[in-house]
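The values are calculated or read from the model by the stated rules, or taken from the named source; none is laboratory data. These figures come from a predicted structure and were not determined experimentally. Quick reminder, even Gly has a Cβ in these numbers, built from the backbone with ideal geometry, and neighbours come from all protein chains shown. Protein only, heavy atoms only, side chains kept; ligands, DNA and RNA dropped before computing areas. Shrake-Rupley method; radii C 1.70, N 1.55, O 1.52, S 1.80 Å.
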Amino acid sequence: MSWQMALEYLRTLIWPAVVLTLGITFRKQLTSLFGRVESVETPLGTVAFEKQADAVAQEAAEIESEMAGQLAASETNPPGMGDTEDPEIPGREPQQITRPQDSSSSFSDLFELAETETTAAVMGAWREVEKSLKATGAKHGIARISSRTLANMGLLSDELARSVEDLRQLRNRVVHEGDILLTKSGARSYITAAERIVEALALSQDPRFQALQYERAVIDALKHAGLPAEPGYRDDEFDAYGQTATGTTIAVEMRFRRRGILKMRDIEQVVSKLSSLTANVLVVTNASLSEEVREFNRTYDARPRFEVVQWQGDEDTSLLVRAVGRLAG
């Protein structure tokens, strides 16, 4: 091999050798550099996650406070509600809000877990929210649970449903997207938000609040059905009144049931008011109609006109549309 060829080989190999030597010599510094580059990428997502979780916690706390205020205001004008198996008793003490007995201890355990296993703590907090949603749906015979379904049935406020959805999306970022570096403080913020939502969900299951939510959902649905109704006053005989485009006045009675069916004795209570009424009457309930009530619907032809409709959510609004049309005709 000539000395010229040896020189060419040396020139070819010298720079890889230099790079390798420098890499070995300065490996600690290079590792630190790459670590800093990664830390520049991830904190933005981390900070956003923590702030969003804090915002959900604040919103849920405000929702719970507002719900408690609404319940306090409704004590002087309780909405139409009851249980066929456990009817309201005049003068009964207000029902106490029941929260899951193990809820507080569960979240305490999760806060401890967040010190060592942030992702597991977030997943555990979301499971507590899911458990509360399932418990809510089980009371009303709903198999496939979502916050939107419960909101459509008037069992959950739209605001609380949005908070639940926000929390679900944050959980998905941790589990599926992996675009954040979950810190202890971020995990604690998420757990706090979940705890506030579980507390608000528990309050939403107070039967008085459920009746309030149902009334509001029905009034909103009636507007879409062509009857812009307004709530009645405390001393009114009916829960709401509205006028159709043809000028027909319709009085609305709402009967919320936590369980059981709507029986004829419930309808007879409303019929007893008709003697002094000129407006037509629409009874709206979330409960199934007994066969007697169904027969009453088919055969009643006196004045003022009278109809009973089961409404459980947006999917039943078409029933309201037909009922309002018949009462307006």
Asp236 versus Ala48: modelled label distance in nm, points set 7 Å from Cα along the beta carbon direction: 4.7 nm
Candidate lysines for bridging to Lys223, where Cα separation is under 26 Å - those fewer than 8 sequence places away on the same chain excluded: Lys273
Accessible area (Å², 1.4 Å probe, nearest 10) - Ser189: 10 Å²
Cα-projected label distance for Thr249 with Gln169, points at 7 Å along beta-carbon direction, nm: 4.6 nm
Calculated SAXS-style log₁₀ I(q)/I(0) at q = 0.24, 0.26, 0.27 Å⁻¹ - the stretch 232-305, Debye, Cα scatterers: -1.25, -1.37, -1.41
Proximal lysines relative to Lys139, as straight alpha-carbon distance under 25 Å, when same-chain residues fewer than 8 apart are discounted: Lys131, Lys263
Theoretical FRET efficiency, 1/(1+(r/R0)^6), r = Cβ-Cβ of Gln70 and Arg162, R0 22 Å, to 0.05: 0.80
All lysines inside 16 Å of Lys51 as judged from Cα atoms, apart from same-chain residues fewer than 8 positions distant: Lys184
Distance in nm between pseudo-label sites at Tyr300 and Arg322 (7 Å out along the Cβ direction from Cα): 1.7 nm
Net length gained if the chain between Ala120 and Ser146 were fully extended (0.36 nm per residue, minus Cα distance): 7.1 nm
Ranked order, Glu237, Glu195, Glu112, Glu253 - accessible area, probe 1.4 Å, largest first: Glu112, Glu237, Glu195, Glu253
Sequence of Thr278, Thr299, Thr192 from largest to smallest accessible area, 1.4 Å probe: Thr278, Thr299, Thr192
The stretch 188-329: C-alpha gyration tensor shape, a/c 1.5 cut-off, then a/b vs b/c: prolate
The stretch 281-323 shape via C-alpha gyration tensor axes, a/c threshold 1.5: oblate
Counted charge near Gln243, where neighbours are those whose Cβ lies closer than 13 Å (Asp, Glu -1; Lys, Arg +1): 0
